[in-house]
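Colleague: Would you mind keeping the following structure in view while I ask a few things?
The values are calculated or read from the model by the stated rules, or taken from the named source; none is laboratory data. Everything numeric in this text was worked out from a predicted model, so none of it was measured. Cβ atoms come from the backbone with ideal geometry, glycine included; neighbour counts cover every protein chain shown. Surface accessibility is based on the protein's heavy atoms, side chains included, excluding ligands, DNA and RNA. Shrake-Rupley method; radii C 1.70, N 1.55, O 1.52, S 1.80 Å.
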Amino acid sequence: MRLTESDARSLAQMPVIQEPDPEGFYNPSQALQEQYVGISFDAAYEQASRFLNYSFEHCDGEPPTRLLDFGCGWGRMLKLLRKMPEFAETELHGCDVSPDALEAVRRTSPRVWVTPCDPFPPSRYASSCFGRVLAFSVFSHLAESAHLAWAAEFARIVHPGGHAVITVQGDKYLDLCEDYRSGAKPITHPWHQDLANSFAEPDARARFDAGEFLFKERRLHPDGAAPTYGEAVVPRSYIEARWGDAGFDLIDWNDRWGQNWCVLRRR
């Protein structure tokens, strides 16, 4: 069971949806795709394929009865999964805080359930209802309070023996910020300046190496009560300890790509 580049390209070449919206596979506009993941079409699907293939390699057993893409954006992973014969009988769910993203999934992905969620749990899902939850580039942006709250919520909605597959930023992200600060990389975009200003404290690296969760705020919770969205840099030891407290065992950690990818099994 594996997704190939041709699988990704076949979806990337689907037409952009028009009015009205029939049942079938379509792509949201390029602008909407890039709004959520920074890339579009072939590049977006190929990135999603790599992450899904990683999950296939490390989540043992048959495809789950129910799978959730947490922070699904415009639904690229759900589309890829819906195309796979092995997942034909899997009930696919997506949730996101963005109504626009969920509307894009609804209009462009057949036989997928979408549900809104808030920045903090609880979610609307029943306990132990999922065999697998995916979260690509979500926990890399959550403040510590939200991170821990969702780890506990994943433990509630994933049944024993099920898996959570997530990504977090690691020490490579600290290196990237330093490269922009030092001039090793040119600043050609406002985001680059944000990176240069992030984690600039002299002790940031030492705190990370000691297992501390680092966070740079980007946006406030809608009620202004607490920062929940930004750039989070999370050590492996933190994931092992805090997700362990929530009821998960870390079974794989991969730092080959920009973010660190990890697979956790629910005890």
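Colleague: I'd like to verify a number: residues in segment 133-149 that are open to solvent by less than 10 Å² (accessible area, probe 1.4 Å) and in a helix (DSSP H, G or I), how many? Break it down stepwise before answering.
Modeller: Within segment 133-149, the subset open to solvent by less than 10 Å² (accessible area, probe 1.4 Å) is 133-135, 139-140, 143, 146-147.
If we keep only those that are in a helix (DSSP H, G or I) too, we end up with 146-147.
Of the residues in that region, 2 qualify.
Colleague: Moving on. Consider segment 156-170. How many of its residues are open to solvent by 10 Å² or more (accessible area, probe 1.4 Å) and either under 17 Å from Phe208 (Cβ atoms) or out of contact with any Ser or Thr (no Cβ under 6 Å at 6 or more places or on another chain) (or both)?
Modeller: First pass over segment 156-170, keeping only residues open to solvent by 10 Å² or more (accessible area, probe 1.4 Å): 156, 159-161, 169.
Among the residues that remain, those that are also either under 17 Å from Phe208 (Cβ atoms) or out of contact with any Ser or Thr (no Cβ under 6 Å at 6 or more places or on another chain) (or both) are: 160-161, 169.
Of the residues in segment 156-170, 3 are open to solvent by 10 Å² or more (accessible area, probe 1.4 Å) and either under 17 Å from Phe208 (Cβ atoms) or out of contact with any Ser or Thr (no Cβ under 6 Å at 6 or more places or on another chain) (or both).
Colleague: Then there's this: Of (1) crowded, with 23+ Cβ neighbours inside 10 Å; (2) over 17 Å from Tyr238 (Cβ atoms), Tyr173 satisfies all except one. Which?
Modeller: Failing condition for Tyr173: (2).
Colleague: Being closer than 24 Å to Arg266 by Cα, open to solvent by 50 Å² or more (accessible area, probe 1.4 Å) and in contact (Cβ under 8 Å) with a residue 60 or more places away in the chain narrows it down to one of Glu86, Glu91, so name that one. Walk me through how you get there before you give the answer.
Modeller: Working: Glu91 fails: in contact (Cβ under 8 Å) with a residue 60 or more places away in the chain.
None of the others qualify; the one that does is Glu86.
Colleague: Here is a further query. Please specify each residue of segment 236-250 satisfying the condition of being open to solvent by 10 Å² or more (accessible area, probe 1.4 Å) and farther than 10 Å from Ala155 by Cβ.
Modeller: Scanning segment 236-250 gives Arg236, Ser237, Tyr238, Glu240, Ala241, Arg242, Gly244, Asp249, Leu250.
Colleague: Is there a residue being closer than 22 Å to Trp150 by Cβ and in contact with a helix residue (DSSP H, G or I) (Cβ under 6 Å, 6 or more places away or on another chain) anywhere in segment 80-87?
Modeller: Yes, some residue in segment 80-87 is closer than 22 Å to Trp150 by Cβ and in contact with a helix residue (DSSP H, G or I) (Cβ under 6 Å, 6 or more places away or on another chain).
Colleague: Let me ask you something else. Tell me the residue from Trp191, Trp261, Trp253 that is surrounded by fewer than 15 Cβ atoms within 10 Å (Cβ to Cβ) and under 24 Å from Gln47 (Cβ atoms), please.
Modeller: Testing whether each residue is surrounded by fewer than 15 Cβ atoms within 10 Å (Cβ to Cβ) and under 24 Å from Gln47 (Cβ atoms) leaves just Trp191.
Colleague: Which of (1) in contact with a Ser or Thr (Cβ under 8 Å, 6 or more places away or on another chain); (2) of a type in the set (A, V, I, L, M, F, W, C); (3) free of Cβ contacts under 8 Å to residues at least 12 places away in the same chain is the odd one out, the single condition Ala135 does not satisfy?
Modeller: Looking at each condition in turn, Ala135 falls short on (3).
Each row is one residue, and each column tells you yes or no for (1) acidic (Asp, Glu); (2) more than 21 Å from the chain's Cα centre (by Cα).
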residue: Asp175; (1), (2): yes, yes
residue: Lys185; (1), (2): no, yes
residue: Asn197; (1), (2): no, yes
residue: Glu201; (1), (2): yes, yes
residue: Ala204; (1), (2): no, yes
residue: Arg207; (1), (2): no, yes
residue: Leu214; (1), (2): no, no
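Colleague: Examine segment 10-29 for a residue that is over 26 Å from Pro85 (Cβ atoms) and open to solvent by less than 50 Å² (accessible area, probe 1.4 Å), and state whether such a residue exists.
Modeller: No, segment 10-29 contains no residue that is over 26 Å from Pro85 (Cβ atoms) and open to solvent by less than 50 Å² (accessible area, probe 1.4 Å).
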